[in-house]
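Computed from the coordinates by the stated procedures, all read-outs in this text should not be read as laboratory data. Keep in mind the model is a prediction, meaning the values are calculated, not measured. So basically every Cβ, Gly included, is an ideal-geometry build from the backbone, and we count neighbours across all protein chains shown.
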Amino acid sequence: METFIDRLRIVRERIAAAARRAHRDPATIRLVGVTKAQPVEAIRAALDAGLCEIGENRVQEAEAKMTALEAERYRLTWHLIGHLQTNKAKKAAMVFDMVHSVDSLRLAQAINRYAAEVRRDPGRRLPILLQVNVSGEATKSGFDLYGWETQPDVYERFCADVEQILALPHLDVRGLMTIAPWAPDPEAARPVFRATRRLRDALAQRFPIAPWRDLSMGMTDDFEVAIEEGATIVRIGRAIFGER
């Protein structure tokens, strides 16, 4: 029977193999363990195995786990990867080390305002990613970028928002996040990941003031394809922790 250590080792080996296929250094890819609906003990097991970056979908669930693991706070990096409502922006700004799911100008403005008020280190900007929806799938959150490569008005509307977000003094825009539609064949996600990478590259040329180094894309069913298309952060739950 596979143990947690076995599953984590296999995932890391798959990450490294995908990186090598893309002629990339595996060390440049960050693994975020997704612990939605997992107990605190699962996070402790991850820490013991050297996995210190943890992704949570909901602010309230994450806060309870953070409280239980307060003694380990210095070892953990907490990522918010789920949809964030504006009314939860204050708490998210207070407790998370990085927010992947900034999907509107309004939300970015709210996080910026609260980051100035509640961050433990108010002099350090809060790293964020802009969540984009390039697939057009209605159930996915994110800035609507469907067809951005062929519809200039879609891209220009987004760039107008990006320009305002980059001017917010308490946020550090690091790149983009996306979620591909689920499909039985991971290859079906490739066009989504490729379009997101191209979007990131276009933004890097247009707005060189930001680093645009990160692409958070790829989960249990498609992370290898995401890495081949340029992912720098993969968010993996089931392949590491098992079924919820």
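Within the straight-line cut-off of under 18 Å between alpha carbons, the aspartates and glutamates reachable from Lys90 are Glu56, Glu61, Glu63, Asp103, Glu117, Asp121, Asp172, sequence neighbours fewer than 8 places apart in one chain being disregarded. When only the Cβ of Lys, Arg, Asp and Glu is charged (+1, +1, -1, -1), the dipole of region 143-230 relative to its Cα centre reaches about 300 debye.
Over the chain, what is the relative contact order in whole percent, taking alpha-carbon pairs under 8 Å and six or more residues apart?
On the way: 445 pairs, mean separation 50.0, N = 244.
The normalised contact order for the chain reaches 20 percent.
Of Ile81, Ile165, Ile209, the residue with the greatest mean-square motion in the GNM of the chain, using alpha carbon springs below 10 Å, is Ile209. Taking a point 7 Å from the Cα of Glu117 along the Cα-to-Cβ direction, the residues of region 87-102 with backbone N closer than 17 Å to it are 87-96.
Per-residue ellipticity at 222 nm from helix content only, as computed over the chain with -39500 (n - 2.57) for each DSSP H run of at least four residues, stands at -12500 deg cm²/dmol. Each Lys or Arg adds one and each Asp or Glu takes one away; over the other residues whose Cβ falls under 10 Å from the Cβ of Arg21, this sums to 0.
The calculated FRET efficiency for the pair Thr139 and Glu243, based on their C-beta separation and a Förster distance of 22 Å, comes to about 0.55. Label reach from Gln60 (point 7 Å along Cα→C-beta): in region 73-115, amide nitrogens under 16 Å belong to 82-92.
Among the helices of the chain (complete DSSP H runs), which have Cα atoms covering no less than 30 Å along the helix axis and a Kyte-Doolittle mean of at least 0.5?
Details: long enough: none.
Membrane-span-like by this rule: not one helix.
Relative to the Cα centre, what is the charge dipole magnitude of region 1-117, using +1 at the beta carbon of each Lys and Arg, -1 at the beta carbon of each Asp and Glu, and rounding to the nearest 20 debye? It would help to have the intermediate numbers written out before the result.
Numbers: 19 positive and 15 negative charges, 76 e Å.
My answer is approximately 360 debye.
Dipole of the chain, Cα-centred, from +1 at each Lys and Arg C-beta and -1 at each Asp and Glu C-beta, to the nearest 20 debye?
Numbers: 36 positive and 34 negative charges, 108 e Å.
With only Lys, Arg, Asp and Glu charged at Cβ, the dipole is about 520 debye.
The distance linking region 21-80 with region 141-204 is 25 Å (Cα centroid to Cα centroid, whole angstrom). Within the listed set Pro208, Pro191, Pro127, the residue fluctuating most in the Gaussian network model of the chain (springs between alpha-carbon atoms under 10 angstrom) is Pro208. For Arg7, the shell of other residues with beta-carbons less than 13 Å away shows a net charge of 0, using +1 for Lys and Arg and -1 for Asp and Glu.
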